[in-house]
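Colleague: Here it is, the structure, as structure tokens.
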Amino acid sequence: MFRMFTRPPQPPQPSDAATPTPMQIDGGEGHDRQITGEEASEEQGYGEKGKEEKEKKKKKELGESNLDGLCCSICMEPWASHGDHQASCLPCGHVYGMSCIIKWIQQCHGYPAKCPQCNAKCISKDVRKLFASPVVVHDEGLQKKIESLQTEIRSLKNERAGLLDVQDKLLDVQDNLLNELHQVKKKQADLENATLGGMGSKPLGFFSSKESWGENNRHHIDSNISKQEILPCSFVLQQELAVEGATLFDMDASYQILILARRISGMGGTHMLNKINLICPHENEDIQLPKRIRAIKDLRVSPCGRLTLLASLGKKLSILSHGSNELVINYDLPDPAWSCSWDSNNPSYIYAGLQNGMLLTFDMRRTRNPLQCMV
């Protein structure tokens, strides 16, 4: 606290104009000093720059005082509510840890010691323990910041919940579209079968034994097939592709892409994939596979295209994206995979057949563990 003393008003004199009137400031401990009129104007905060500097200095002093109020000024450690470092004070009112102030006084070897902050004389008997509950200061700025962050968190949670609802709706729309597509394909197949039946022929595999052989020879299915009732068909070679080491393949009919599994013997038996564009066959890409995949035993292109399912001896069931040529999903299997397949009704469901005779069902949307295991 500063006390300012001024002289009583006097009549103006010529000498007063040249010499500014000094003012006395009490420092709080018997130390007085004089300041000039310029210093007084700076203390009063004339000018915008002076006001800003004064505010910054005030905030800094306030922060330091708050820090000092939490810790012992000798060891800079927080006070304790009990024990050797319990909060204790001297007659002058300054607070220290009990062990710190006792050591400070004992260093004087029997002579009166001085307070580390105000130099007031003290001895060990003057030290008094303080018993007080913790004091919590309410910081309005910090409280407002916490409330703002909590509001933002609630908003993000609501946004996330809304996005999850939209995702579920889109998945339902996808399932409905796939069901409609399946129904359209089924109707198209039925229409083709009906057309072939109207031409006087039936598709292969739909003949009864009675229609094919007659009543007397229906038990002899290995010979005497009726050539007149077989649908005539012919195949024409349109294109030939030379691929080294190809073992398996499947075609993405929607995008006219051929996916092949290869084993390159000249590279230490490396297993890889080859993607060929059937429209422009010279545009083909080699897709390197991780060593842990090992040999590919089966591959299937998704009914929707753009994805290929891989079953490998490396105990992996993997999904390859045609867009990035990267494995986007890997499932760990308990045994080497022998075959794989997509669900024709729901492309999110995939199956893996293992060497030990197990069949695993996975849902690529919601889990990384099999939904069902069958032997």
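The values are calculated or read from the model by the stated rules, or taken from the named source; none is laboratory data. Just so you know, these numbers come straight off a predicted model, no measurement behind them. Ideal geometry is used to build each Cβ from the backbone, glycine not excepted, and the neighbour counts take in all protein chains shown. All accessible areas refer to the heavy atoms of the entire protein, side chains included, with ligands and DNA or RNA removed. Shrake-Rupley method; radii C 1.70, N 1.55, O 1.52, S 1.80 Å.
Colleague: Can you list residue pairs whose Cβ atoms sit under 8 Å apart, with the first residue in segment 161-183 being closer than 12 Å to N346 by Cα and the second being in a helix (DSSP H, G or I)? Count only pairs 6 or more apart in sequence or on different chains.
Modeller: Listed by first residue and then by second, the contacts come to nothing, as the list is empty.
Colleague: Working carefully through the options I74, I123, find the one that is touching a Pro at 6+ places or on another chain (Cβ under 9 Å) and surrounded by 15 or more Cβ atoms within 10 Å (Cβ to Cβ).
Modeller: Numbers: I123 fails: surrounded by 15 or more Cβ atoms within 10 Å (Cβ to Cβ).
One residue alone meets the criteria, I74.
Colleague: Still on this model: Consider segment 93-118. How many of its residues are assigned to a loop (DSSP other than H, G, I, E, B) and either open to solvent by 90 Å² or more (accessible area, probe 1.4 Å) or under 14 Å from L130 (Cα atoms) (or both)? Before you say what the answer is, go through the steps one by one.
Modeller: First pass over segment 93-118, keeping only residues assigned to a loop (DSSP other than H, G, I, E, B): 93-94, 107-112, 115-118.
Filter again for either open to solvent by 90 Å² or more (accessible area, probe 1.4 Å) or under 14 Å from L130 (Cα atoms) (or both), leaving 93-94, 107, 109, 111, 117.
The qualifying residues number 6.
Colleague: I would also like to ask the following. Residues that are among the small types (G, A, S), open to solvent by 40 Å² or more (accessible area, probe 1.4 Å) and on the phi < 0 side of the Ramachandran plot: does segment 310-323 have at least one? Even if it seems obvious, please write down each step before you answer.
Modeller: Restricting attention to segment 310-323, the residues satisfying the condition of being among the small types (G, A, S) are 311-312, 314, 318, 321, 323.
Subset that is open to solvent by 40 Å² or more (accessible area, probe 1.4 Å): 323.
Keeping just the survivors that are on the phi < 0 side of the Ramachandran plot gives 323.
Yes: one or more hits.
Colleague: Among the residues of segment 332-345, is any of a type in the set (S, T, Y) and buried (at least 19 other Cβ atoms within 10 Å of the Cβ)? Walk me through it before giving the result.
Modeller: In the first step, residues of segment 332-345 are kept if they are of a type in the set (S, T, Y); the result is 339, 341, 344.
If we keep only those that are buried (at least 19 other Cβ atoms within 10 Å of the Cβ) as well, we get none.
No, there is no match, as no residue in segment 332-345 is of a type in the set (S, T, Y) and buried (at least 19 other Cβ atoms within 10 Å of the Cβ).
Colleague: Next question. Is there any pair linking a residue in segment 254-277 that is more than 18 Å from L327 (Cα to Cα) and among the aromatic types (F, W, Y) to one that is at pLDDT 85 or above and assigned to a strand (DSSP E or B), with Cβ under 9 Å and at least six apart or on different chains, and which?
Modeller: Matching pairs, first to second residue: Y255/N277.
Colleague: I want to confirm something. Restricting to segment 296-341 and keeping residues that are of a type in the set (A, V, I, L, M) and outside any strand (DSSP E or B), which single residue is nearest to R368 (Cα to Cα)?
Modeller: Going through segment 296-341, the residues of a type in the set (A, V, I, L, M) turn out to be 296, 299, 301, 307, 309-311, 313, 317, 319-320, 327-329, 333, 337.
This time we only want the ones that are outside any strand (DSSP E or B), so: 313, 333.
Details: L313: 19, L333: 11 Å.
Ranking the qualifying residues of segment 296-341, first place goes to L333.
Colleague: Among the residues of segment 342-367, how many are over 23 Å from V173 (Cα atoms) and assigned to a loop (DSSP other than H, G, I, E, B)?
Modeller: Qualifying residue count for the region: 4.
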